Amino acid sequence: MRESKLIPRISFKGVLVFLFILFIGMFIFPLPLSYFQLPEAVIYFISAGIASSLGIGIVLTKIDAKTEDKPYFKKRIIIALIVGFASSALMTFVFGGDVIG
């Protein structure tokens, strides 16, 4: 089977790096966002979105990317932002009980 060039095969190292960045980001990012007096759900949405976008971006562009994949850099960053904030919205608002439940 041919591997897609836009999304590389994700290794276990990439998954561990992503989870580590997400875990650390969820501790660091809510603190400065709490000064803006936003609702708690919005703070966690923004924090998870930023942390997961950073994690996915680093994994797709640095950890699991190959040197011949340089032309896909901008597309991978855009994918990281979209997937990061979409998954953050699902976790925070839908599965967190703010919309359903």
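The values are calculated or read from the model by the stated rules, or taken from the named source; none is laboratory data. Keep in mind that what you see is a predicted model, and the values were worked out from it rather than measured. Methodologically, a virtual Cβ is constructed for each residue, glycine included, from the backbone with ideal geometry; neighbour enumeration extends over all protein chains shown.
Checked against (1) over 18 Å from LEU22 (Cα atoms); (2) exposed (fewer than 15 other Cβ atoms within 10 Å of the Cβ), ASP69 passes all but condition (2). The set of residues in the stretch 71-90 being over 14 Å from SER53 (Cα atoms) and in contact (Cβ under 8 Å) with a residue 40 or more places away in the chain consists of TYR72 alone.
Looking across ALA51, ALA86, one residue alone is among the aliphatic types (A, V, I, L, M) and either closer than 14 Å to ILE21 by Cβ or not in a helix (DSSP H, G or I) (or both). It is ALA51.
Remark: pairs (first residue in the stretch 20-31, more than 8 Å from ALA51 (Cβ to Cβ) and free of Cβ contacts under 8 Å to residues at least 24 places away in the same chain; second residue surrounded by 15 or more Cβ atoms within 10 Å (Cβ to Cβ) and among the β-branched types (Val, Ile, Thr); Cβ separation under 9 Å; 6+ apart in sequence or on different chains) = PRO30/ILE43; PRO30/ILE46. Inside the stretch 37-53, can you point out the residues that are farther than 27 Å from TYR72 by Cα and either at pLDDT 95 or above or among the polar types (S, T, N, Q) (or both)? Within the stretch 37-53, just GLN37 meets the criteria.
Among the residues making up the stretch 1-40, those that are hydroxyl-bearing (Ser, Thr, Tyr) and assigned to a helix (DSSP H, G or I) are SER34, TYR35. Residue check: ILE43 meets all listed conditions (1) part of a helix (DSSP H, G or I); (2) within 15 Å of ILE56 (Cα to Cα) but one, namely (2). Quick check: is even one residue across the stretch 74-85 surrounded by 11 or more Cβ atoms within 10 Å (Cβ to Cβ) and aromatic (Phe, Trp, Tyr)? Yes: one or more hits. Restricting attention to the stretch 57-76, the residues being under 21 Å from MET26 (Cβ atoms), β-branched (Val, Ile, Thr) and touching a helix residue (DSSP H, G or I) at 6+ places or on another chain (Cβ under 6 Å) number 2.
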